[in-house]
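All remarks here apply to the structure that follows.
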Amino acid sequence: MTAELIDGIALSRTLRLDVAARAANLKAHGITPGLAVILVGENPASQVYVRNKVKACADAGLHSVLEQYPADLSEAELLKRIKFLNSDPAIHGILVQLPLPAHIDAQKVIEAIAPLKDVDGFHIASAGALMTGNSAFLPCTPYGCMKMLESIGYDLRGKHAVVIGRSNIVGKPMALLLLQKNATVTVCHSATANLKAMTLQADVIVAAVGKRNVLTADMVKPGAVVLDVGMNRTPDGKLCGDVDFDGIKEVASFITPVPGGVGPMTITMLLVNTLEAAERSAAP
Ligand code: GUN
């Protein structure tokens, strides 16, 4: 069996066209959706991510500002900047790129963002809303994964989903979203005793660990759907995910590639969240 690809670039193209159309409509009513992206320090991967986010905004007709600060920016200065952006009417979404330098308390910074502008969905108010089935902003990566499952018409009801990884950004919200769609969800992590025994039972597997080859073909039930959130490098420098793509594509029914899978969807859902923040600000 050769799995079908779930193409994150093609799906992003469709969704971003819709964002662009809705942004144009808002603009016609005098509102340009605006995103502020804050980067502290010189982490090379973060620099690439924020550049891609800003470019995606421009391509979809969204206003964005990139604020770059040196690694020694104080926590107080960063909090002051966020407070200013919270009350800036031209800014509908605020994103502080993580990780932050060690002297800054990331959670405190996230909590300083106005929940109505929390387009990353990391604020405790957004997390609480997700937990209780209320609507706020969904974290972009799990939101993108759900859109990918939707794009193949996958009905999660009664299916067994295994999430590998328990981060606040991906693993935990991913599990809640799958649960919301009536899947039976297992969350695996570094202390899971027998990962293979879990994944072999899964109809859907989401790998979000940040380590190559966490999932190999012998760990996948024939016909399972595999979503790869990982973004790693092979020893020879090639971009790769968390799963052994070449092996698993012979076993799975659907699989997301890296690059070109979940990565572009994360940015797409950031655009969607920013647009929705602007739409909500315009609602009476
Ligand atoms: N660092 C890695 N992924 C993300 C993300 O989705 N948002 C932010 N703000 N930082 C990140």
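The values are calculated or read from the model by the stated rules, or taken from the named source; none is laboratory data. Since the structure is predicted, the reported quantities are computational estimates derived from the model, not experimental observations. All Cβ positions, even for glycine, are placed from backbone atoms using ideal geometry, and neighbour counts span all protein chains on display. Please note that ligands, DNA and RNA were not included when accessible areas were found on the heavy atoms of the full protein model with its side chains. Shrake-Rupley method; radii C 1.70, N 1.55, O 1.52, S 1.80 Å.
Quick one: which residues, 5 or more positions from V65 or on another chain, have an amide H under 5 Å from its amide H? H modelled 1.01 Å from N in the peptide plane, none for Pro or chain starts.
Under 5 Å from the amide H of V65: L35, A36, V37.
When the Cα centres of the stretch 56-130 and the stretch 197-258 are compared, how far apart do they sit, in Å?
Centre-to-centre distance over Cα atoms comes out at 32 Å.
Residue-wise, which Karplus ³J(HN,Hα) couplings in Hz belong to the stretch 170-179, taking 6.51 cos²θ - 1.76 cosθ + 1.60, θ = phi - 60°, and x for glycine or proline?
10, x, 5, x, 4, 4, 5, 5, 5, 5
Carbon-plus-sulfur fraction of the accessible area of the chain, 1.4 Å probe, in percent?
For the chain, the apolar C and S fraction of the accessible surface comes to 57 percent.
As a quick test, which of the pairs K147/K221; K159/K249; K172/K211; K117/K221; K83/K181; K55/K249 have an alpha carbon distance above 29 angstrom in this structure?
Working: K147/K221 23 Å; K159/K249 20 Å; K172/K211 18 Å; K117/K221 41 Å; K83/K181 36 Å; K55/K249 32 Å.
Cα-Cα > 29 Å for K117/K221; K83/K181; K55/K249; rest within.
Whose amide H sits under 5 Å from the amide H of V185, counting only residues 5 or more places off or on another chain, with H placed in the peptide plane?
Residues meeting the amide H criterion: A161.
In the stretch 208-274, what trypsin sites (Lys or Arg not before Pro) fall in a loop by DSSP, with at most 14 other Cβ atoms inside 10 Å?
K211, K238
Sort E111, E150 by heavy-atom solvent-accessible area, probe 1.4 angstrom, most to least.
Values: E111 60, E150 120 Å².
Accessible-area ranking of E111, E150, largest first: E150, E111.
Which value, in Å², gives the accessible area per residue of the stretch 62-139 when a 1.4 Å probe is used on the protein heavy atoms?
Counting only protein heavy atoms, the per-residue value for the stretch 62-139 is 49 Å².
Hey, can you find the accessible area per residue of the stretch 1-47 for me, probe 1.4 Å, expressed in square angstrom?
52 Å²
Please list H63, H123 in order of solvent-accessible area, largest first, computed with a 1.4 Å probe with all protein chains present.
Ranking H63, H123 by accessible area, largest first, yields H63, H123.
What are the residues whose amide H is under 5 Å from the amide H of E4, where those residues sit 5 or more places off or on another chain and H is modelled from the backbone?
Counting only residues 5 or more places away or on other chains, the set is F254, I255.
What percent antiparallel are the DSSP beta bridges of the chain, to the nearest 5?
Here the share of antiparallel DSSP bridges comes out near 5 percent.
Just by accessible area at a 1.4 angstrom probe, what is the order of R157, R81 from largest to smallest?
The ranking, largest first, comes out as R157, R81.
Would you work out the relative contact order for the stretch 130-186, in percent, from Cα pairs under 8 angstrom that are 6 or more residues apart?
41 percent
Per residue, how much accessible surface does the stretch 157-284 expose to a 1.4 Å probe? Answer in Å², no decimals.
42 Å²
Restricting to DSSP H runs of at least four residues, report the calculated mean residue ellipticity at 222 nm for the chain, -39500 (n - 2.57) per run over all residues, nearest 500 deg cm²/dmol.
Calculated mean residue ellipticity at 222 nm is -12500 deg cm²/dmol.
Taking Cα pairs under 8 Å and at least six residues apart, what relative contact order does the chain come out at, in percent?
With pairs under 8 Å counted, the relative contact order is 23 percent.
Rounded to whole Å and sorted largest first, list the principal axis extents of the Cα atoms in the chain.
Principal extents (largest minus smallest coordinate, Cα): 52, 41, 38 Å.
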